[in-house]
1. Is it the case, given these coordinates, that residue 14 is touching a Ser or Thr at 6+ places or on another chain (Cβ under 9 Å) and either at negative phi or among the basic types (Lys, Arg) (or both)?
2. Within the stretch 41-74, track down each residue that is under 27 Å from residue 5 (Cβ atoms), in a loop (DSSP other than H, G, I, E, B) and not small (Gly, Ala, Ser).
3. Looking at the stretch 8-41 only, could you name the residues that are open to solvent by 50 Å² or more (accessible area, probe 1.4 Å) and among the β-branched types (Val, Ile, Thr)?
4. Six or more apart or on different chains, Cβ under 9 Å: which pairs go from a residue in the stretch 50-76 that's open to solvent by 100 Å² or more (accessible area, probe 1.4 Å) to one that's not in a helix (DSSP H, G or I)? Could you list them?
5. Looking at the stretch 1-38, which of its residues are more than 25 Å from residue 52 (Cα to Cα) and modelled with pLDDT under 80?
Amino acid sequence: QLLTDGIILLIDNLEGYCSIYNSVGQFLGNIEVNETLNLNSPITLTEIISSTGLQIKTDPGIPLIYLGFFFLMISTLISYITYSQVWI
């Protein structure tokens with residue numbers, strides 16, 4: 001089995017156990033952390049790092065958006081008060 005096309009590691013959980021498949025989807029074997037699997041060249045799974053894929057970013061324009069929303073709400077209240085006068 002040549003590994004020139006690449007392999008797929010399928011990790012079911014973060015316990016350190018995964019399955020190895022070739023690019024066609026044929027099962028090649030199971031491997032655990034710090035275990036070596038010899039196909040054409042030795043493959044060792046050294047560590048599993050969990051990642052969510054979420055990115056936390058900051059936007060310096062957010063206070064400006066909140067300030068604009070605040071002025072929009074204040075102007076809406078002021079326009080409502082001027083048109084809802086009570087006539088005696």
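1. On the way: touching a Ser or Thr at 6+ places or on another chain (Cβ under 9 Å): yes; either at negative phi or among the basic types (Lys, Arg) (or both): yes.
Answer is yes for this residue.
2. Result: 46, 47, 48, 49.
3. Residues satisfying the conditions are 8, 11, 24, 33, 36.
4. 65/59
5. 1, 2, 3, 4, 5, listed by residue number.
The values are calculated or read from the model by the stated rules, or taken from the named source; none is laboratory data. Not measured: the values here are computed from a predicted model. Every residue, glycine as well, gets a Cβ built from its backbone with ideal geometry; the counts of neighbours run over all protein chains shown. All accessible areas refer to the heavy atoms of the entire protein, side chains included, with ligands and DNA or RNA removed. Shrake-Rupley method; radii C 1.70, N 1.55, O 1.52, S 1.80 Å.
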